[in-house]
1. When both residues are 6+ apart or on different chains and their Cβ atoms are under 7 Å apart, which pairs have a first residue that lies in the range 308-329 and is free of Cβ contacts under 8 Å to residues at least 60 places away in the same chain, and a second that is among the β-branched types (Val, Ile, Thr) and part of a helix (DSSP H, G or I)?
2. So, of the residues in the range 432-451 that are of a type in the set (Val, Ile, Thr) and assigned to a strand (DSSP E or B), which turns out to be modelled with the lowest pLDDT?
3. Ala411: crowded, with 22+ Cβ neighbours inside 10 Å, in the same structural domain as Tyr473 (by TED's automatic domain parsing) and hydrophobic (A, V, I, L, M, F, W, C), yes or no?
4. I'd like the full set of residues that are farther than 29 Å from Arg301 by Cα and either of a type outside the set (Gly, Ala, Ser) or in contact with an Asp or Glu (Cβ under 9 Å, 6 or more places away or on another chain) (or both), limited to the range 145-178.
5. Could you go through the range 336-346 and let me know if any residue there is on the phi > 0 side of the Ramachandran plot, touching a residue at least 12 places away in the same chain (Cβ under 8 Å) and small (Gly, Ala, Ser).
6. Can we say Asp429 is assigned to a strand (DSSP E or B), surrounded by fewer than 24 Cβ atoms within 10 Å (Cβ to Cβ) and modelled with pLDDT under 95?
7. Quick check on the range 438-455: of everything there that is buried (at least 24 other Cβ atoms within 10 Å of the Cβ) and in contact with a Phe, Trp or Tyr (Cβ under 6 Å, 6 or more places away or on another chain), which residue is farthest from Phe311 (Cα to Cα)?
Amino acid sequence: MAALALGLLVGLAAAAHADPADWPRAFDTASGAFIIYEPQPEALDGDVLSGRAAFSLQRSGSAEPSFGVLWFTEHIQIDRDSSTVAARAFDVTKVRLPGITPAEAERYETQVESEAARWDLTESLEQLQAGLASAEKERASVADLDHTPPRIIFSPRRAILVLYDGAPVVEPIPGSRLERVANTPYAVVHDPTRRAYFLSGADLWYQAKDPLGPWHVILGPPDEVRAVVPPDTSAADRTVGPPPQVLTATEPTELIATDGPPVYAPLVDDELLYVTNTESDVVREVSTQAIYVLLAGRWYRATTLDGPWTFVRGDQLPPSFARVPPGSPKANILASVAGTDQADDAVADAEIPQTSAIRREATGFQVDYDGPPQFEPIAGTRMEYAVNTDAEVILADGRYYACEQGVWYVADDPNGPWRVSEVRPVRVDDIPPSCPVYDVRYVYIYDVTPDVVWDGYLPGYLGCYPYHGTIVYGTGYRYRPWRGRHHYYPRPCTWGMMPRYNPWLSRWSFGFSFGSGFLKVGSLWHPGALPRGPHGPPRWFGPGGFHRPLLAADRSMLRNRRPNPLPARPLGERTPMNLYRRPANLPVMARAVERLTRPPVARPAPAPVPNDVFAGKDGKVYRREPRGWKVNQGRSWVPASLPVTPPEIPVRGTPDPGTVRSWPPGPRPVRPQPTPSAPAREPHRGPAFRPPPPTISPAPGDLEREYRGRTRANGHVPETPVRFPIPGGGKDPKRGGS
């Protein structure tokens, strides 16, 4: 059934520009005429996709078709740059069709395989994402993240934040008499002769006597200062209006700047207001006057702008948050409200890996240390990690493993030589979020052939984690950097760079409260950095760097709204979505012909029937009609007796532990780990009301959500939710009746 694998897989991956009529697909066999309807994914575990699909078979001599369900699993390869999905292996695990024998089932599988082998089936991954978002599954959530609120500064004027990791640390710039402040990602240059510090910001320059300020605008720096700061390649907006004030901090801090006093406007009827004159997300609940701010995907609540702030999970927000209009100026916050389509999409993105074939014989990777290699224990494990390098090196079971740009390497000595690894460290999934190399847990090895190793990474490697129905950025921990004799090595940080998620681009980006790319940061500023071969710039922003790769292709056309102008690079200049496509990894990647080969194929004609048939988890076949759902009973369709949407009922602040699983999936449950500082406890708000589903009542197996996922992926999202009458004349409990 390997050929059928491709058919089922890329049915999940119909491109946004593809004709939705590609499904269902029809073909004739000696047994009769088959129609296979669009497959429905159930789960993605690593690179193994499982799902089901409805199909019909009209046997020769029969006037009516019979409907059945098949289940499958397959290994897939995903390329986010080209938005394509390809299958490498496939297995049909079960077929259900009324009245057939095992021998008949096997014969039908063979006939389908023979036909599907001729299909051209390489397409986009858009419906894979939409299908996973709508699949009924337990909620994935990373355990032991730190949600302690950072220091939150409100400024009533345009301002930018320069964050230092502790007291400013100055080190020489090689080949220059100038110095740089090492423990900040921003371009802060010290001129010892003038006893002055200079800060580069777009078309403005600032000067101060102390790196902590106060900073004031100058016409320009000395030529030698300008020479060590590279030209601005971040496509930053030029300054319009008064120059922004520069604020500084030495602890985890976020800045929310408004252009004048906060100006509120209605967001959801008379229930929610939002601040219009800021790039940040600030919402006020009218009934309680509580203020909510969204930072790094986390909600914090206070009664005044001065705090104190309390963390609020995305599944414990007031119900009105789920009713933010998708076309409103704050539609982006829906991705951080559990239960919305946007949040489901974001969580589904966090479960889809980027995969690539890596040449086994690839060489050239090296690790540079600031002195002899030094290792420290990883709390709660028997592993150790290297501290005096900006590479991620782990000592496990007597061997050294390095993870760089989504590829695992192994060596018998910390200095190498390094080779592409065929395995991960056995206990790598035990690394706690409190460890700075936690992100390597999300890099996997899926398969090994004589020529290539199939590596892949989840968005968790880039700092994006599912959390109780939403996603958050960063672990929240403040990691201790390395300050050695010659170099300063930072660690990934959560706070200080205004990380924001754009649901239309499925991308985290960084801002500074004033505007996009205002300061020289990240890959633009690391003078004198140790040459590291394939390594990138300092790791303030994790493996993804400052210019973040997208988690999925642009879905603006699928969301009924153009992308929100968040602080991100222009689309024409963005960094590749796929880390494996970055220049550092090109020498180790296998050529396309090595990654996937198959015989010449052709696209079949779509069946001339609507794509409205679904496979239920119960093995029954359902059809979505304008007036409701029907279930197939042999050769007829009858109204399905489906439950209605229950009334809003109070739910506990802490869900049943049995309904939440740790993330990422590993061979063992995540154990509690010692942490440097106690993370914030999740608050208990008491009874809260869960937002009602945005659609009609669910069918068995949550088919209504799958229907919405299918239509949403094809760009046909219903503007107004539809509520069907209950089959059999039942009463809606929200309207009374028994």
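The values are calculated or read from the model by the stated rules, or taken from the named source; none is laboratory data. Fair warning: this is a prediction, and the values are worked out from it, not measured in the lab. Because the Cβ atoms are built from the backbone with ideal geometry, glycine has one as well, and the counts that use them run over all protein chains shown.
1. That search, which allows pairs on different chains as well, returns Val324/Ile333.
2. Of the residues in the range 432-451, the ones of a type in the set (Val, Ile, Thr) are 437, 440, 443, 445, 448-449.
After this cut, where a residue has to be assigned to a strand (DSSP E or B) as well, the list is 443, 445, 448.
On the way: Val443: 94, Ile445: 92, Val448: 88.
Checking each candidate, the answer is Val448.
3. When the stated conditions are applied, Ala411 does not pass them.
4. If the condition is that a residue be farther than 29 Å from Arg301 by Cα and either of a type outside the set (Gly, Ala, Ser) or in contact with an Asp or Glu (Cβ under 9 Å, 6 or more places away or on another chain) (or both), then Pro168, Val169, Val170, Glu171, Pro172, Ile173, Pro174, Ser176, Arg177, Leu178 are the ones that fit.
5. Yes, the conditions are met somewhere in the range 336-346.
6. Working: assigned to a strand (DSSP E or B): no; surrounded by fewer than 24 Cβ atoms within 10 Å (Cβ to Cβ): yes; modelled with pLDDT under 95: yes.
Considered against the rule, which asks whether it is assigned to a strand (DSSP E or B), surrounded by fewer than 24 Cβ atoms within 10 Å (Cβ to Cβ) and modelled with pLDDT under 95, Asp429 comes out as no.
7. That would be Val443.
To keep it simple, each residue is scored yes or no on (1) surrounded by 22 or more Cβ atoms within 10 Å (Cβ to Cβ); (2) assigned to a loop (DSSP other than H, G, I, E, B).
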{"site": "Pro149", "(1), (2)": "no, yes"}
{"site": "Ile152", "(1), (2)": "no, no"}
{"site": "Thr184", "(1), (2)": "yes, yes"}
{"site": "Gln207", "(1), (2)": "no, no"}
{"site": "Arg226", "(1), (2)": "no, no"}
